[in-house]
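These notes are about the structure you will find just below.
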Amino acid sequence: MMLEDLRTISMLDWLENDLLLTINTCELASSDASFRRYFRVQSAEGQFIVMDAPPDKENIAPFIKVAEFLSAALINVPTIFQQNIKEGFLLLEDFGSQCFLDQLNDENASELYQTALDTLFKMQTNEVLQRSDLPVYNEALLQRELALFDDWFLNQTLDLQLASSDWEAVCNYLVNSALEQPKTCVHRDYHSRNLMVLNDNSPGVIDFQDAVMGPITYDLVSLVRDCYIAWPDDRVDAWVNASYEKLLAAQLIACSPSCFKRWFDLMGMQRHLKAIGIFSRLHLRDGKSNYLKDIPRTLNYVISVCKRYPELTEFGEFLQNQAFTELNNVYPFLMDVAKPKD
C-alpha cells in the first residue's frame, strides 16, 4: 500500500482507530518544498487528502487559521474534516490531482487565468480578510527573504560574491517599493501549482498557510510571472492592465498605470530572487534537486526587470555576465532555458 515509516503508521492508526475510517488504499499524493506530505486515502466513507506535517518541523495552526479566513471570504479552499494538532495530521477535502500547471496551454490560458484573477480580486477586496489579524509582510521579512538569494544561490551554489554595498542598495530599492504599496491579503504562493482545476467553483486554492497582509501586487506577479511556466510579455501586460483597472475602480489603489507596473516589476524581482535562493537551498540542504530546473527561467525574469530600471542596470549585468555563466559551468544541464540575449 505504501512505504510504512513511523509517520504513516501513526497516520493510519489515527484514521482507522480514532476516526473509525475503513481505509482501502492510501498513496502519496504529493510533497512540497516544506516537510509536509499529502496522502490520498480511499475509504468506505469517501476519498480524502491527509496532510502529514511533523510537529517538530511544521506548525499546522496557521493552515487551520487561514483556511477559516479564506472559507469565510468564499474562497474555495479544502474543507478540514478532522484535525490532530498534537500529531500533525489533517483530514482534508480532496481537490483532485489536476493543478493549473498540468492543464495550461495557449488555448485555455485566458480562461483558466481569468478564474484565478477573479479569485485573487475576491481575496484582495473581501472585508473579512482585510479585517483579519494575519501577520504583516514587513521590512525584516522582505530582507530575510532576499538574503536567501545571496547566501544559497550566489555564495553556496555559485561561489560568487557581490559587493555588500551593491547588494544592500538592490535590497533597499526592492523593499522600499514593496512597503510603499497598499496592503491586502497575500497568499504568498499564488501560482499554477497551488491552483486546482475543478468541475465546480474552480480554482481550488491550496498551500495558503503562509498568508500575510502585504503588497497588493505580490500575488498578481506570482500568478502571471510564475516560476514554473512563462508567458509572452504582451499576455502578461494584458493581465496586469486588467487587474490595475479593477483595483483602481475598487479604490484599492490610487496610482498611475506606470507606478503600478513598477510596483509589479520590482515585487516580482523580490519574489524571484527569494525563489532562486529557496530552489538552491532545497537542492543543497534538502536533496530536492528537481527545483534546479526552474532557476534559469526565474533568473531570466530578474534580468529582464533589471534592464527596465537604471538603478538595477549594474546588478542585471552582474547576473547576466557572471551568474548565468557560472550556473552553466556548475549545472550545464539546466541551460535548456537559454541565457537572455543582450
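The values are calculated or read from the model by the stated rules, or taken from the named source; none is laboratory data. Owing to the predicted nature of the structure, the values given are computational and were not obtained by experimental measurement. Backbone-built Cβ (ideal geometry, glycine too); neighbour counts: all protein chains shown.
From L148, L134, grab the single residue that is within 30 Å of A169 (Cα to Cα) and not in a helix (DSSP H, G or I).
Values: L148 fails: not in a helix (DSSP H, G or I).
Being within 30 Å of A169 (Cα to Cα) and not in a helix (DSSP H, G or I) holds for just one of L148, L134, which is L134.
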**Asked** Restricting attention to segment 102-112, does a residue exist that is buried (at least 21 other Cβ atoms within 10 Å of the Cβ) and touching a residue at least 12 places away in the same chain (Cβ under 8 Å)?
**Response** no
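Give segment 155-199 a look and list any residue that's at positive phi and touching a strand residue (DSSP E or B) at 6+ places or on another chain (Cβ under 9 Å), or say none. Spell out the reasoning first.
Of the residues in segment 155-199, the ones at positive phi are 159, 188.
Correct list: R188 only.
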**Message:** I'm told Q161 meets every condition in (1) surrounded by fewer than 18 Cβ atoms within 10 Å (Cβ to Cβ); (2) assigned to a loop (DSSP other than H, G, I, E, B); (3) touching a residue at least 60 places away in the same chain (Cβ under 8 Å) except one. Can you identify the failing condition by its number?
**Reply:** (3)
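Looking for whichever is modelled with pLDDT under 95, on the phi < 0 side of the Ramachandran plot and of a type in the set (D, E, K, R) here; the options are D219, D133. Which one fits?
Working: D219 fails: modelled with pLDDT under 95.
Step by step, each of D219, D133 is checked, and only D133 is modelled with pLDDT under 95, on the phi < 0 side of the Ramachandran plot and of a type in the set (D, E, K, R).
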**Request:** Return a yes/no flag: does segment 95-106 have any residue that is in a helix (DSSP H, G or I), hydrophobic (A, V, I, L, M, F, W, C), under 17 Å from D207 (Cα atoms) and modelled with pLDDT of 95 or more.
**Result:** yes
**Fill in**
Among (1) within 20 Å of L198 (Cβ to Cβ); (2) at pLDDT 95 or above; (3) not assigned by TED's automatic domain parsing to the domain that holds L282; (4) not aliphatic (A, V, I, L, M), K65 falls short only on (1)
**Request:** May I ask you to say which residue of E145, E180, E139, E111 is more than 28 Å from A230 (Cβ to Cβ) and in the same structural domain as F324 (by TED's automatic domain parsing)?
**Result:** E139
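Return yes when D234 is surrounded by fewer than 21 Cβ atoms within 10 Å (Cβ to Cβ), free of Cβ contacts under 8 Å to residues at least 60 places away in the same chain, under 28 Å from P78 (Cα atoms) and not hydrophobic (A, V, I, L, M, F, W, C) and no when it is not. Spell out how you get there, then give the answer.
Values: surrounded by fewer than 21 Cβ atoms within 10 Å (Cβ to Cβ): yes; free of Cβ contacts under 8 Å to residues at least 60 places away in the same chain: yes; under 28 Å from P78 (Cα atoms): no; not hydrophobic (A, V, I, L, M, F, W, C): yes.
So D234 fails the test.
Yes or no, residue by residue, for (1) assigned by TED's automatic domain parsing to the domain that holds D226; (2) outside any helix (DSSP H, G or I); (3) buried (at least 20 other Cβ atoms within 10 Å of the Cβ):
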residue: A254; (1), (2), (3): yes, yes, no
residue: F264; (1), (2), (3): yes, no, yes
residue: G287; (1), (2), (3): yes, yes, no
residue: N290; (1), (2), (3): yes, no, no
residue: N300; (1), (2), (3): yes, no, no
**Item:** Conditions (1) crowded, with 20+ Cβ neighbours inside 10 Å; (2) over 29 Å from S243 (Cα atoms): number failed by F81
**Value:** (1)
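Is it true that Q98 is touching a Leu at 6+ places or on another chain (Cβ under 7 Å), in contact (Cβ under 8 Å) with a residue 40 or more places away in the chain, surrounded by fewer than 18 Cβ atoms within 10 Å (Cβ to Cβ) and at negative phi?
Working: touching a Leu at 6+ places or on another chain (Cβ under 7 Å): no; in contact (Cβ under 8 Å) with a residue 40 or more places away in the chain: yes; surrounded by fewer than 18 Cβ atoms within 10 Å (Cβ to Cβ): yes; at negative phi: yes.
For Q98, the condition - touching a Leu at 6+ places or on another chain (Cβ under 7 Å), in contact (Cβ under 8 Å) with a residue 40 or more places away in the chain, surrounded by fewer than 18 Cβ atoms within 10 Å (Cβ to Cβ) and at negative phi - is not met.
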